Amino acid sequence: MEHTKSILWVDDEIDLLRPHIILLQQRGYSVETATNGEDAIELARNNNYGLVFLDESMVGMSGLDTLLQLKDMDASRPVVMVTKNEQESLMEEAIGLKIDDYLTKPVNPAQILAACKKFLEAKKITEQKITQDYMLSFAEITRRLYDRLEWSDWLDIYQKLVGWSIELDAHPELGFDQTLRDQWRECNAAFSKFVDENYRDWLTDKPEEGNPLLSPHILDEYVLPRIKNKNKRTIFFVIDCMRFDQWLMMEEFLRPLYNIQKTYYSSVLPTATPFARNAIFSGLFPADIKKHYPQWAPNDNEDEHSQNAHEKELLAAYCKRRYVEVQGDVQYIKIIDTDFGKKIENDIHRIAKNHFTAIVVNAVDMIAHSRSDYAILKEIAPDEAAYRSLTKSWFQHSSLYGMLRTLATMKDVQIVLTTDHGSIRCLRGVKAMGDRDTSTCLRYKVGRNVKAEERHAMIIKNPEDFRLSKDSVTSNMIVAKEDHYFVYPTDFHHYLTKYRDSFQHGGISLEEMILPVVILEAK
């Protein structure tokens with residue numbers, strides 16, 4: 001008899017329970033019995049029972065003492081205590097000894113069968129239900145790809161794909177990994193085409209109905225209304241390179257602390273920090289930053305970190321443009337290392353007294369880059385499921401979580417949390433052509449007459465049409481679609497292998513563009 005169908009029932013009045021035992025046997029369960037704790041322990045030592053029903057009150061060794069020894073023998077084996085005693089203290093003691101459930105005598109057949117299904121067949125029943133639901137969802141998403149989709153449709157599809165990815169992480173034995181990966185790829189191909197056809201229509205100073213909010217709209221839509229509330233303090237967190245699925249890993253820890261409201265927006269293109277995060281903090285598209293604040297605009301010759309060196313100034317200029325009266329200075333904090341993060345965590349109670357504070361957290365972006373640089377991290381996080389798990393482990397021990405735990409105790413603090421862009425696991429390298437001054441980014445390239453095949457990239461011949469800045473050096477841009485990354489023809493195979501299976505950003509994909517905006521309200 002298989003482990004999942006075997007039961008040990010321990011009761012000093014076992015003969016009175018024969019009708020229940022016969023019923024279980026008729027349902028395919030194997031039931032062995034014992035009339036005392038000593039015999040039960042001996043049977044459990046020599047047999048791999050899937051479930052134990054244990055009487056609380058027996059002659060000789062008590063039910064609680066028997067429970068303790070059974071759990072010492074195998075802590076994972078479920079034990080259901082059956083008792084006439086409804087005293088609260090007894091139940092608390094049994095729970096403290098890690099009982100899995102309890103039933104009150106006289107028991108009825110429905111209770112017994114329910115317990116058996118819960119502990120012996122729940123996994124099988126759950127897997128059958130998940131399989132049925134996933135196949136229906138798979139078919140529905142596939143069908144929708146043939147419709148004319150709007151932004152709201154893509155939001156729904158993306159949430160479903162992420163939801164199923166997380167659900168199936170817990171059930172790898174179902175074997176849907178490849179099916180789901182193929183559907184992700186199919187959806188990203190359709191989404192890339194959707195963005196290619198519609199993106200330019202989204203580039204308005206105020207979002208139009210049916211179009212997504214973009215990076216420059218975030219402050220107006222979510223932060224400005226809260227700053228205007230003089231009775232509350234506002235903290236605006238921007239977590240660099242955080243995907244929606246990574247946020248959901250963090251959200252698990254925050255649900256007991258906060259009421260959580262989620263909405264979504266789209267990053268500007270390219271979905272890279274110099275463009276997207278400057279757009280957030282300025283409330284402007286990249287071309288308008290260059291026009292109005294050339295001294296703070298990114299320079300193509302700078303490294304990525306230098307290209308975001310003026311976010312505080314851009315944020316202060318935004319407040320001035322919007323005639324926002326901030327009590328005291330606008331406080332801006334960028335956390336780029338663990339020690340500084342812990343310092344800010346320890347000081348967050350004081351920082352939160354400031355009227356308006358913006359905090360950038362670079363840790364998630366560093367995880368993505370470090371995975372590419374260190375083989376051990378790629379071994380720890382070889383795929384999307386493990387990448388989510390790594391994010392969860394980081395957050396659980398992070399200074400960000402520490403800050404949010406402290407802030408949850410402060411009722412006069414409002415929190416807006418978002419990200420500048422996501423990332424995608426790049427698996428397909430494609431050739432890109434450009435001169436020696438072309439940028440080195442893997443998901444987008446800027447340069448003179450830079451080229452790639454149109455099926456793999458959005459070709460931006462005139463950056464100004466996309467509200468991107470243009471100067472004498474840079475004449476056009478290419479932005480990678482789906483999970484492609486750009487490799488130059490020189491030593492192509494070396495770099496193709498080097499960058500394959502790395503998490504990158506800057507291109508067009510669901511994971512990079514569709515981003516959460518979260519409002520946290522302390523419970």
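Some observations on this one:
- One residue alone among 290, 334, 353, 312 is under 29 Å from residue 402 (Cβ atoms) and either over 30 Å from the mean Cα position of the chain (by Cα) or assigned to a helix (DSSP H, G or I) (or both), and that residue is 312.
- Residues being surrounded by 21 or more Cβ atoms within 10 Å (Cβ to Cβ), of a type in the set (Gly, Ala, Ser) and in the same structural domain as residue 440 (by TED's automatic domain parsing) - total across region 475-506: 1
- Pairs are defined by a Cβ separation below 6 Å, a sequence spacing of at least 6 or placement on different chains, a first member in region 114-133 that is part of a helix (DSSP H, G or I), and a second member that is at pLDDT below 90; the pairs so defined are 120/4.
- Residues in region 202-232 that are part of a helix (DSSP H, G or I) and farther than 17 Å from residue 276 by Cβ: 224, 225, 226, 227.
- Given (1) surrounded by 14 or more Cβ atoms within 10 Å (Cβ to Cβ); (2) closer than 30 Å to residue 360 by Cβ, number of the condition residue 440 does not satisfy: (1)
- Tally of residues being out of contact with any helix residue (DSSP H, G or I) (no Cβ under 7 Å at 6 or more places or on another chain) and either over 20 Å from residue 271 (Cβ atoms) or modelled with pLDDT of 85 or more (or both) across region 301-316: 4
- Restricting 196, 169 to residues that are surrounded by 15 or more Cβ atoms within 10 Å (Cβ to Cβ) and more than 22 Å from residue 249 (Cα to Cα) narrows the list to 196.
- Any hit, region 256-265, residues being of a type outside the set (A, V, I, L, M, F, W, C), closer than 15 Å to residue 219 by Cβ, in contact with a His (Cβ under 9 Å, 6 or more places away or on another chain) and in a helix (DSSP H, G or I): no
- Hits in region 448-467 - residues which are part of a loop (DSSP other than H, G, I, E, B), surrounded by 15 or more Cβ atoms within 10 Å (Cβ to Cβ) and either within 30 Å of the chain's Cα centre (by Cα) or free of Cβ contacts under 8 Å to residues at least 40 places away in the same chain (or both): 450, 452, 456
- Looking only at region 382-409, and only at residues there that are crowded, with 21+ Cβ neighbours inside 10 Å and either of a type in the set (Phe, Trp, Tyr) or not in a helix (DSSP H, G or I) (or both), the one that is modelled with the lowest pLDDT: 387
- The listed residue being touching a helix residue (DSSP H, G or I) at 6+ places or on another chain (Cβ under 6 Å) and not aromatic (Phe, Trp, Tyr), out of 223, 268, 238, 195: 268
- The C-beta contact set for region 27-44 (first residue touching a residue at least 40 places away in the same chain (Cβ under 8 Å), second residue surrounded by fewer than 21 Cβ atoms within 10 Å (Cβ to Cβ) and assigned to a helix (DSSP H, G or I), distance under 6 angstrom, 6+ apart or interchain) comprises 29/5.
- Scanning region 13-34 for residues that are assigned to a loop (DSSP other than H, G, I, E, B) and under 46 Å from the mean Cα position of the chain (by Cα) returns 27, 28, 29.
- Number of the exception - residue 445 against (1) of a type in the set (D, E, K, R); (2) out of contact with any helix residue (DSSP H, G or I) (no Cβ under 9 Å at 6 or more places or on another chain); (3) farther than 24 Å from residue 372 by Cβ; (4) not in a loop (DSSP other than H, G, I, E, B): (3)
- Single unsatisfied condition, residue 468 versus (1) hydrophobic (A, V, I, L, M, F, W, C); (2) modelled with pLDDT of 95 or more; (3) over 25 Å from residue 387 (Cα atoms): (2)
The values are calculated or read from the model by the stated rules, or taken from the named source; none is laboratory data. For clarity, every value in this text was computed on a predicted model and none was experimentally measured. FYI the Cβ positions are ideal-geometry reconstructions off the backbone, even for glycines, and counts take in every protein chain you see.
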